[in-house]
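The values are calculated or read from the model by the stated rules, or taken from the named source; none is laboratory data. The structure displayed is predicted, hence computed values, not measured ones. All Cβ positions, glycine included, derive from the backbone under ideal geometry; neighbour counts span all protein chains shown.
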Amino acid sequence: MFTSRMMMACGALALLGPGAMAEAPKLASVFTDHMVIQRDAPVRLFGTADPAAEFIVSLDTAATPVRAGRDGRWWTEFPELSAGGPYQISLSAEGETVQAVEDVLAGDVFLCSGQSNMEYPLSRVTYAERQVAAADHPSIRLLQVEKGLSLDPNTDLPGESAWALTTPETAAEFSAVCYYTGRAISEAYDIPVGLINSSWGGSRIEPWIKGELIGALPDYAEDVALLEMYKTDRGAAAKAYSESWQQGWLNDPATGGSAPWENPEAGDWTPVPGTLRDWREWGDPELTDHLGMVWHKLSFTLTAQQAEQAATIHIGAIDDTDMTWLNGTAIGTTFDWGGMRAYEVPANLLKAGENTLLVNVHNDYGAGGMTGPDAELRVEFEDGTDVSLAEGWVYRKVPSDVVTPRPAPWFTIKGYTMLHNAMIAPLDGLRLKGAIWYQGEGNAREGEAYKDLLDMLVQDWRAKFGEGLPVTVVQLPRYGALPTEAGKPGWGVIRESMRRVADEDDGVGLAVTIDMGDPVDIHPPNKLAVAERVVRVMKALVYGEEDAAASGPVAASATREDDTIRIVFEGVEDGLETVSSDTVFGMELCGADACSYASAVLDGAAVVVETDDESVSQIRYCQGNSPLCNLFDGNGLPAGPFWIDVD
């Protein structure tokens with residue numbers, strides 16, 4: 001990470017004498033053969049060396065002396081380059097070249113980040129075989145950032161992350177949205193394009209944000225502080241988290257104040273039919289489509305000799321989050337899709353006679369629960385013997401209205417800052433042309449909080465990659481249950497948070513994709529259509545092309561006169577039109593206490609709603625998880641979901 005303070009420190013260290021060089025200076029790991037550096041901007045190069053080491057950094061024939069700072073970091077800048085190349089970057093010390101990066105192009109560089117729909121590879125899109133075979137573009141370069149986690153910001157990218165030429169082999173598993181967008185930009189402006197894909201399926205937004213930033217928000221300060229504790233004392237942090245989990249459960253009115261870990265015999269328990277497996281296969285109608293939590297319980301008996309030993313409790317594979325207690329004491333929690341769980345316990349936690357193991361499992365997508373196998377369900381003692389935990393499990397469904405407890409701050413993709421530290425921080429200092437953010441499914445249930453988090457992410461990227469960095473946000477498409485009742489916005493809340501960030505920040509554009517989703521598939525395969533919407537926004541936002549309809553029709557105002565509310569739209573091409581009806585679907589009139597559906601009709605570039613209800617203060621459109629939205633302009637772009645106050 002390179003801040004103005006660090007830059008001044010490096011300059012001040014120019015007065016220090018050179019020390020013996022134990023290791024050769026090197027460029028940061030983001031600088032590799034075949035990379036693209038941002039054109040028409042100062043070329044910033046950076047890396048590490050021995051403290052106070054002196055060496056020469058060259059960009060083709062231009063060269064400059066550099067001295068590393070006291071912390072071993074260094075940076076330097078060269079004048080801007082026009083699109084083209086290839087160029088060479090090299091480091092030399094004592095007259096010898098110690099590193100050279102070849103085949104470097106100058107062009108436009110973009111960061112693509114988010115969760116699974118950004119990660120979604122070209123090999124899985126519609127007509128994938130044809131698209132992969134055609135992915136042969138020497139002037140488009142790809143940097144696939146490998147997945148990684150870190151408790152502190154890293155300077156090196158994870159694994160073997162490196163730039164590559166675009167070929168069918170390299171493009172096949174690269175982000176389809178990112179690739180399609182880069183291809184269109186390269187063709188439109190005849191320039192080299194560099195694409196950096198740093199994404200992780202299922203990730204929330206919090207792990208992508210710098211810890212100091214998100215920790216400054218009151219709602220997240222406690223969790224970030226707990227993560228700091230985890231760095232130095234994992235046992236104390238785990239204990240504090242388990243107490244927080246339990247208190248959160250008790251504070252939820254929907255739990256009825258019960259504490260199963262304290263009184264596991266209370267309540268009704270049902271035997272698990274057969275072996276532990278996906279709870280949808282148990283034949284219980286209440287679990288067939290259940291997403292949420294289920295309690296699992298097992299009692300097992302130990303001898304005195306067994307109980308006096310420390311042990312490891314193996315509870316097999318779980319999807320996706322467990323909180324586990326032994327005899328009323330929390331012994332572990334893990335988030336992992338189907339990963340094995342094994343928790344070490346001291347001898348004083350086991351007891352001769354009956355012991356009780358209690359596991360709360362939360363699943364938020366697809367298959368879920370404890371899935372064994374039987375051989376991985378056991379108590380393993382210090383002396384090498386074990387006791388099976390495969391038989392005798394009982395379960396109890398947790399009501400769906402119970403709020404899911406907050407994940408532990410150190411959970412991989414559901415915690416805080418660790419994806420930023422491993423997969424974004426090492427890029428800090430690069431100049432970028434723009435960025436694309438395609439995420440939100442993981443935060444959809446907390447949509448109101450998303451606005452502040454997205455604002456913070458954008459500001460963090462601008463501090464790292466360039467003041468005023470343009471960011472295109474892909475608004476979530478339709479997915480899930482079809483709405484049947486007004487006033488239940490569901491995913492409409494997070495879509496509104498995205499819309500408001502774009503509305504309030506001239507450097508953020510919104511790619512509306514509400515019409516491109518699939519109610520039963522959270523990963524719709526037509527990523528080319530999504531990229532076309534992204535490119536449309538980017539041409540206006542990044543390249544300054546005049547396009548009043550970059551995001552399609554946008555509600556600008558809602559004004560009431562007598563019994564008529566008139567909603568005026570901007571960014572309309574070739575007029576407004578409705579599909580499959582002469583009325584507009586999905587309009588809601590909302591007052592202080594409730595919303596109701598309303599009939600709406602077109603009137604030129606406006607939508608008109610008739611109502612004599614004077615309490616209406618807000619109009620909402622296209623709400624719910626998977627709404628049917630039929631308002632478009634003549635260019636085929638949908639009017640995106642919105643909430644707008646009535647004047």
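One line per residue, one yes/no per condition, for (1) touching a His at 6+ places or on another chain (Cβ under 9 Å); (2) not charged (D, E, K, R):
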residue	(1), (2)
A68	no, yes
D103	yes, no
L122	no, yes
E129	no, no
Item checked: Only listed residue being in contact with a strand residue (DSSP E or B) (Cβ under 7 Å, 6 or more places away or on another chain), closer than 16 Å to D322 by Cβ and at pLDDT below 95, chosen from G368, G372 -> G368
Note to self: Please go through the stretch 97-135 and give me each residue that is surrounded by fewer than 17 Cβ atoms within 10 Å (Cβ to Cβ) and within 21 Å of A28 (Cβ to Cβ), ordered by number.
What the structure shows: T97, A100, E102, D103
Next item on the list: Being surrounded by fewer than 18 Cβ atoms within 10 Å (Cβ to Cβ) and modelled with pLDDT under 95 is the filter here, so list the residues in the stretch 298-336 that pass it.
Entry: D336
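In this structure, is A162 more than 29 Å from D452 (Cβ to Cβ) and surrounded by fewer than 19 Cβ atoms within 10 Å (Cβ to Cβ)? Spell out the reasoning first.
Numbers: more than 29 Å from D452 (Cβ to Cβ): yes; surrounded by fewer than 19 Cβ atoms within 10 Å (Cβ to Cβ): yes.
Judged against the criteria, A162 is a match.
Any idea how many residues of the stretch 10-37 are modelled with pLDDT of 80 or more and either part of a helix (DSSP H, G or I) or among the charged types (D, E, K, R) (or both)?
In the first step, residues of the stretch 10-37 are kept if they are modelled with pLDDT of 80 or more; the result is 23-37.
From what is left, the residues that are either part of a helix (DSSP H, G or I) or among the charged types (D, E, K, R) (or both) are 23, 26, 33.
Residues in the stretch 10-37 being modelled with pLDDT of 80 or more and either part of a helix (DSSP H, G or I) or among the charged types (D, E, K, R) (or both): 3 in total.
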Margin query: Suppose we filter G447, G392, G415, G442 for residues that are in contact with a strand residue (DSSP E or B) (Cβ under 7 Å, 6 or more places away or on another chain) and either within 24 Å of R500 (Cβ to Cβ) or at pLDDT 95 or above (or both); which single one remains?
Written below: G392
Notebook entry, point to check: Which one of T356, T371, T333, T324 is touching a Pro at 6+ places or on another chain (Cβ under 8 Å) and outside any loop (DSSP other than H, G, I, E, B)?
Noted result: T356
Next item on the list: For the stretch 379-400, state whether one or more residues are closer than 21 Å to K239 by Cβ, surrounded by 15 or more Cβ atoms within 10 Å (Cβ to Cβ) and among the hydrophobic types (A, V, I, L, M, F, W, C).
Entry: no
Next item on the list: May I ask you to say which residue of G552, G586 is under 16 Å from A486 (Cα atoms), surrounded by 21 or more Cβ atoms within 10 Å (Cβ to Cβ) and among the small types (G, A, S)?
Entry: G586
Next item on the list: Would you be able to say whether some residue in the stretch 395-403 is acidic (D, E) and at pLDDT 95 or above?
Entry: no
